[in-house]
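What follows is a set of notes on a single structure, which appears directly below.
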Amino acid sequence: MKVVLSGGGTGGHIYPALALAKIIEEKEPEAEFLYIGSFRGVEKQIVPKTNLPFMQLDVQGFSRSLSLTNFKTIYLFLKATAAAKKILKNFQPDVVVGTGGYVSGAVLYAAQQMGIPTVIHEQNSVAGVTNKFLAKNATKIGLGFEAAKDQFPADKTEVIGNPRAQEVVNLQSDFSWTSYGLEDDKKTLLIFGGSQGAPAINLATLDAISTFNDRPYQVVLVAGPKRIDNFNRLLQERGLTLGDHIKVLPYIDNMPAVMKKADVLVSRAGATSIAELTALGLPAILVPSPFVTGDHQTKNASALVEAGAALSIKEPDFNGESLIKAADALLLDDQQAKAMQVQSAAVGITDAGDRFYRLIKSVIKD
């Protein structure tokens, strides 16, 4: 089987594609892959670190306001589509898989014009612009959330989950909190605002430090590599010190392994984070980012709240007081935490990679 993968712009579009590639490779060791990304997105840093062949196209997103840059966007899209056709003609894939981002629009549009089967994956509960554009002529559509079902043609849409979940649940973690000077037999609150950190989450944690110092559970904040200095500066300005059971880190590069050892997670409500935490059955306090297209993180979080799998706090309401209240509710009350654990695991789709693989196989012509 020869597979072209395309997704870019953010990790949420890239990691599901990479997780899928691992699943396919396990089932078909002779499978061949080509990943097509853009020159602008973070895929140019992430994909080359894998063993996947990688090619790039020059594309950019549309401006939401009336702007002359949109004429350039259209020009680049048409140029990228033509370049993608040449790449596809040379590679001769059996299927082209798109996981979102503007680059996948050009690649899958080219494949659709060439009569190559295409499968798109929508990770969020609100469909992205690119996937909406591609849906009409897509062969099959895989969804991460049931809530997105009514946004696509029903006859070719299937809820499969996020393949990142299967990758995480199968991960063997030998991580120990002792590597950060903490204890393995204490409950731990892991606060993570994404790979770059989140200012609102950092500030709420800062406001809660005095209270956290008196709590019996451990607290780990991942502040972000570019934001940790500011956090430490504010800590000093306020005359605050961290208890031995509180750690502030710039970044964690083995986050899934660390998440497996946490008791409660505070995070944004991106599709990848939700796939990971539900795969682990991890109780969560979600703080949806208000700065995403279609407010999709709020809708992602709502799906978990309705299932009893998470708590959610809107960013304007997220502060030291609300963080402490939510953390105490889950870390000082075993009954509530265990109930949420069960519901989180029930929501998780831990065979999402296998489901995605079957969906792909169903469109390949014999």
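The values are calculated or read from the model by the stated rules, or taken from the named source; none is laboratory data. Computed from a predicted model, the values in this text were never measured in an experiment. For neighbour counting, all protein chains shown are included, and Cβ atoms are generated from backbone atoms with ideal geometry for every residue, glycine included. Please note that ligands, DNA and RNA were not included when accessible areas were found on the heavy atoms of the full protein model with its side chains. Shrake-Rupley method; radii C 1.70, N 1.55, O 1.52, S 1.80 Å.
Somewhere in the range 60-75, is a residue over 27 Å from residue 349 (Cβ atoms), among the aromatic types (Phe, Trp, Tyr) and part of a helix (DSSP H, G or I)? The answer is yes; a qualifying residue exists. Can you say whether residue 334 is farther than 20 Å from residue 126 by Cβ and either in contact (Cβ under 8 Å) with a residue 60 or more places away in the chain or surrounded by fewer than 23 Cβ atoms within 10 Å (Cβ to Cβ) (or both), as far as the supplied structure shows? Yes, satisfied. Just so you know, in the range 154-192 the residues that are part of a loop (DSSP other than H, G, I, E, B) and aliphatic (A, V, I, L, M) include one that is farthest from residue 225 (Cα to Cα), and it is 160.
Just name the residue that is most open to solvent (accessible area, probe 1.4 Å) out of those in the range 123-145 that are out of contact with any Pro (no Cβ under 7 Å at 6 or more places or on another chain), more than 24 Å from residue 289 (Cβ to Cβ) and touching a residue at least 24 places away in the same chain (Cβ under 8 Å). So, considering only residues that are out of contact with any Pro (no Cβ under 7 Å at 6 or more places or on another chain), more than 24 Å from residue 289 (Cβ to Cβ) and touching a residue at least 24 places away in the same chain (Cβ under 8 Å), the one most open to solvent (accessible area, probe 1.4 Å) is 137.
Taking residue 240, is it open to solvent by 30 Å² or more (accessible area, probe 1.4 Å), of a type in the set (A, V, I, L, M, F, W, C) and over 24 Å from the mean Cα position of the chain (by Cα)? Answer is yes for this residue.
Condition check ((1) touching a Ser or Thr at 6+ places or on another chain (Cβ under 9 Å); (2) touching a residue at least 12 places away in the same chain (Cβ under 8 Å); (3) of a type in the set (A, V, I, L, M, F, W, C); (4) open to solvent by less than 10 Å² (accessible area, probe 1.4 Å)) across all residues:
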site: 234; (1), (2), (3), (4): no, yes, yes, no
site: 248; (1), (2), (3), (4): yes, yes, yes, no
site: 254; (1), (2), (3), (4): yes, yes, no, no
site: 265; (1), (2), (3), (4): yes, yes, yes, yes
site: 300; (1), (2), (3), (4): yes, yes, no, yes
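Taking helices (runs of 4 or more DSSP H) as the structural unit, those lying wholly within the range 193-304 and holding at least 3 residues that are in contact with a Lys or Arg (Cβ under 7 Å, 6 or more places away or on another chain) correspond to 271-279.
With respect to residue 310, is the statement that it is open to solvent by less than 10 Å² (accessible area, probe 1.4 Å), of a type in the set (A, V, I, L, M) and more than 20 Å from residue 218 (Cβ to Cβ) true? When the stated conditions are applied, residue 310 passes them.
Which count do you get for residues in the range 313-331 that are open to solvent by 70 Å² or more (accessible area, probe 1.4 Å) and in a helix (DSSP H, G or I)?
Filtering the range 313-331 for residues open to solvent by 70 Å² or more (accessible area, probe 1.4 Å) gives 314, 316-317, 321, 325.
Imposing the further condition that a residue be in a helix (DSSP H, G or I) reduces the set to 316-317, 321, 325.
Of the residues in that region, 4 qualify.
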